[in-house]
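Have a look at the structure below before the remarks.
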Amino acid sequence: MRFRHLLHLFALASLVASAQSLTISGTVADIQAVPIADTTVTLTTSSAAGRRVATSNGTGQYSFSNLSEGSYHLTFEHAGLDRKSTRLNSSHV
């Protein structure tokens with residue numbers, strides 16, 4: 001039976017730094033580690049970059065690239081599942 005909530009999304013999001021930009025990527029999955037496709041992932045920041053939206057693919061993966069250093073808030077939403085969110089800070093890279 002598939003549980004109706006998202007699994008520890010904060011643990012599945014990661015920040016990767018390169019020379020001048022950051023990438024935030026991860027996988028959306030349920031409690032049994034089954035990938036969840038078509039999840040809306042919203043990335044917000046207080047900087048001028050504002051807000052970006054992505055949708056998880058067939059294997060539950062999402063990615064935001066070409067980001068500047070700073071603090072980010074990720075929100076995960078999928079019909080019929082609990083909404084989850086987490087915060088990431090590039091100073092933890």
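Leaving out ligands and nucleic acids, note down the accessible area per residue over region 23-78 with a 1.4 angstrom probe, in whole Å². Numbers along the way, then the final one.
Values: 2720 Å² over 56 residues.
About 49 Å² of surface per residue is accessible.
Taking 7 Å steps out from each Cα toward its Cβ at residue 52 and residue 79 produces label points 2.7 nm apart.
The values are calculated or read from the model by the stated rules, or taken from the named source; none is laboratory data. Quick caveat: nothing in here was measured; it's all calculated off a predicted structure. FYI the Cβ positions are ideal-geometry reconstructions off the backbone, even for glycines, and counts take in every protein chain you see. Surface areas here come from the heavy atoms of the whole protein model, side chains and all, with no ligands, DNA or RNA. Shrake-Rupley method; radii C 1.70, N 1.55, O 1.52, S 1.80 Å.
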